[in-house]
Amino acid sequence: MTFIDTHTHLYGEEFDADRAEMVERARAAGAEKLLLPNVDEESIGRMLQMCDDFPDLCLPMMGLQPEELPADPWSLVEKMKQLLYTTPDRYCAVGEVGIDLYWDQSRREEQIEVFREEIRWANELHKPLVIHARNAHQDIVTTLREADTSQIPGGIFHCFGGTTEEARELLTFDGFYLGIGGIVTFKKSTLPTVLHACVPLHRILLETDAPYLTPVPHRGKRNESAYIPHIINKIAEIYDTTTEEVARTTTENARKLFAI
């Protein structure tokens, strides 16, 4: 059984002490590829270094995570654009980008403007979008619908944990998938009910968001890509199918979206 972790921050300092060992655990668990989303300016070098260290396994993305918006974001946005446009083949997606209004709504308009710019990158370069959305479902939907996305091959709504109605609305975007991670294993999660109700298996991708959102039975510990099989097991239970079918379908989904 093989899998692709489509969203994992393994370049973070949380893994500095045992990164090589952690990567070997991921390989042993069945990891075919590990996709690394960028977060801010500091993460660029760490992310690219990990891709250089494990070139057969790791693929980078480029974008500004909305929670990390600097006081004046536009110089950093321009730097990221230059990196992306200078070597577009190096990056598998524009991500992680989007809107996050969970902690602070005061910079909503700035977040939307940066997101619009990053959508333009994806459209011009024909790259997938990996979208972070928290307390911002309608703003994400509206911004995408207003933008030119005709050349975007699709994308991921990262770390989906919304309602049935939200899932149905997001699935109206052709070529987009819901990123499903450790939340689906949590005891009080409503995600299993939502997935069963309206989300076909061929519209799901696997992710960890490591080191965060660790699945049961490791909840409370640092997350890592080797824990993806716990997510696969739960999804197989939800869809009343085999773990092999979940792994095969989600891996094919990721290969198609990211042209792997």
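Exactly one residue out of GLY220, GLY182, GLY175 is over 27 Å from THR142 (Cα atoms), open to solvent by 20 Å² or more (accessible area, probe 1.4 Å) and either under 14 Å from the mean Cα position of the chain (by Cα) or among the small types (Gly, Ala, Ser) (or both): that is GLY220. Being in a helix (DSSP H, G or I), in contact (Cβ under 8 Å) with a residue 40 or more places away in the chain, within 26 Å of PRO229 (Cα to Cα) and over 18 Å from the mean Cα position of the chain (by Cα) holds for only one residue in MET50, MET22, and it is MET22.
Which residues, counting only those in segment 61-113, are of a type in the set (Val, Ile, Thr) and over 23 Å from GLU146 (Cα atoms)? If you could, list the steps in order and put the result at the bottom.
Step one: of segment 61-113, the residues of a type in the set (Val, Ile, Thr) are 77, 86-87, 94, 97, 99, 112.
Within segment 61-113, THR86, THR87 qualify.
Of all residues in segment 189-205, none are under 16 Å from the mean Cα position of the chain (by Cα), closer than 21 Å to ARG25 by Cα, in a helix (DSSP H, G or I) and at pLDDT 95 or above.
Examine segment 8-18 for a residue that is among the aromatic types (Phe, Trp, Tyr), in contact (Cβ under 8 Å) with a residue 40 or more places away in the chain and either open to solvent by less than 10 Å² (accessible area, probe 1.4 Å) or part of a strand (DSSP E or B) (or both), and state whether such a residue exists. Yes, some residue in segment 8-18 is among the aromatic types (Phe, Trp, Tyr), in contact (Cβ under 8 Å) with a residue 40 or more places away in the chain and either open to solvent by less than 10 Å² (accessible area, probe 1.4 Å) or part of a strand (DSSP E or B) (or both).
Within segment 226-257, the only residue that satisfies the criterion of being touching an Asp or Glu at 6+ places or on another chain (Cβ under 7 Å) and either at pLDDT below 95 or surrounded by 23 or more Cβ atoms within 10 Å (Cβ to Cβ) (or both) is ILE228.
If you go through segment 31-42 one residue at a time, do you hit one that is polar (S, T, N, Q), without any contact (Cβ under 8 Å) to a residue 60 or more places away in the chain and assigned to a helix (DSSP H, G or I)? No, segment 31-42 contains no residue that is polar (S, T, N, Q), without any contact (Cβ under 8 Å) to a residue 60 or more places away in the chain and assigned to a helix (DSSP H, G or I). If I filter segment 75-129 down to residues being free of Cβ contacts under 8 Å to residues at least 12 places away in the same chain and part of a helix (DSSP H, G or I), which single residue comes out as surrounded by the most Cβ atoms within 10 Å (Cβ to Cβ)? Here the residue is GLU113. The combined condition, being acidic (Asp, Glu) and in contact (Cβ under 8 Å) with a residue 12 or more places away in the chain, is not fulfilled by GLU165.
Cβ-Cβ distances below 9 Å connect the following pairs, each with a first residue in segment 135-160 that is open to solvent by 30 Å² or more (accessible area, probe 1.4 Å), a second residue that is assigned to a loop (DSSP other than H, G, I, E, B) and small (Gly, Ala, Ser), and a separation of six or more residues or different chains: HIS137/GLY162; PRO153/GLY175; PRO153/ALA259; CYS159/GLY181.
The values are calculated or read from the model by the stated rules, or taken from the named source; none is laboratory data. Here the structure is a predicted model, which is why all the values come from computation and not from measurement. Using ideal geometry, Cβ is built from the backbone for each residue, glycine included, and neighbour counts are taken over all protein chains shown. These area figures cover heavy atoms from the full protein model, side chains too; ligands, DNA and RNA do not enter into them. Shrake-Rupley method; radii C 1.70, N 1.55, O 1.52, S 1.80 Å.
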